[in-house]
Structures are given as structure tokens and as C-alpha cells.
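Take a look at the structure below.
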């Protein structure tokens, strides 16, 4: 039996090599692994969706992360991500369309509503589209890029 908890976290990550950016992680059941993991994306602009009324930002897909990262804050002492991480926001999300997040992710489009537990906003409705689906593909170090489009914000 699969239980969907639907958590997300946004870390503010001040990395030695990559500089200040935000890691957006969304809990998702991964059938091949038979467990929940965090789909992960990096961006420099996540707060702009809320504070600068930006409508869209670019996300760079990164590797899957263990659920441990939902609550992680602190120093990463070595490696590419070396630096300091703190939770900028966290909460729950609701899938708007489709049967499960992983199926929609594999199709290259998913729509979610984030509900902040940290007071950054009440609800943030997003469409996340893989850029090759809209003829806007970027090649950044052979990583997939996604466009995160704000549909609605309730502060």
C-alpha cells in the first residue's frame, strides 16, 4: 500500500562553487525504487515567484534525494554542494491533475499547489514543464531543464 504524504521543501543553499541558489524538492513515490524520494531542482530565482511577482523561473533538475533532506539544515562539508543549507520554506503539496506525481513527471508536465507551513504564502499554484516539451530546450551540463510557471498565489 502506497501512502502519499506530499511534502516539499525549499532550501536556501549557499554553495561554495555554485553560489547562492534554492533547491526545490518534492516528495514522490518512485516505482523502480519502491520508495518515496525527493525530485530535486535548483534555481536562483524561487523567491521571485512570491516577492517580485515573477510569473516563471527556470529550474535545473538535479539528482533524486532521500527523504532525510526534508528536514536538513546545516553545513555540507565537502563535494560539489559544499556550503550551508537552511530551510527557506516547507509544507505540503497537492497534485492538481493526473493520478500520481511520478507519472506526470515522466510525461514532462505536472501541476501542483504548494501550501506553506512557514508563512511565506498560503497557497502557490504551479505548472512545471520540461523545456523540451515546449521547444525551449536548454542544454546545461546534460541536465534536464524545466520551466516553473506561477498560476496563482495567495499570500
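Only one of these is under 27 Å from residue 154 (Cβ atoms) and touching a helix residue (DSSP H, G or I) at 6+ places or on another chain (Cβ under 6 Å): 122, 90, 54. Name it.
On the way: 122 fails: touching a helix residue (DSSP H, G or I) at 6+ places or on another chain (Cβ under 6 Å); 90 fails: touching a helix residue (DSSP H, G or I) at 6+ places or on another chain (Cβ under 6 Å).
Step by step, each of 122, 90, 54 is checked, and only 54 is under 27 Å from residue 154 (Cβ atoms) and touching a helix residue (DSSP H, G or I) at 6+ places or on another chain (Cβ under 6 Å).
When you check residue 111 against the structure, is it without any contact (Cβ under 8 Å) to a residue 24 or more places away in the chain and closer than 23 Å to residue 147 by Cβ, yes or no?
So residue 111 does not fit the description; no.
Of the conditions (1) within 17 Å of residue 14 (Cα to Cα); (2) not in a loop (DSSP other than H, G, I, E, B), residue 153 fails just one. Which one is it?
Residue 153 satisfies all of (1) within 17 Å of residue 14 (Cα to Cα); (2) not in a loop (DSSP other than H, G, I, E, B) except (1).
With a cut-off of at least 2 residues that are in contact (Cβ under 8 Å) with a residue 24 or more places away in the chain and either within 20 Å of residue 127 (Cα to Cα) or more than 14 Å from the chain's Cα centre (by Cα) (or both), name the strands (runs of 3 or more DSSP E) lying wholly within the range 9-98.
Here the list reads 19-30, 35-43, 56-65, 83-95.
Bear in mind that the values in this text are calculations on the coordinates, not laboratory data. Predicted, not measured: the structure shown is a model, and the values here were computed from it. Heads up, the Cβs are rebuilt from the backbone with ideal geometry, glycines too, and the neighbour counts pull from every protein chain shown.
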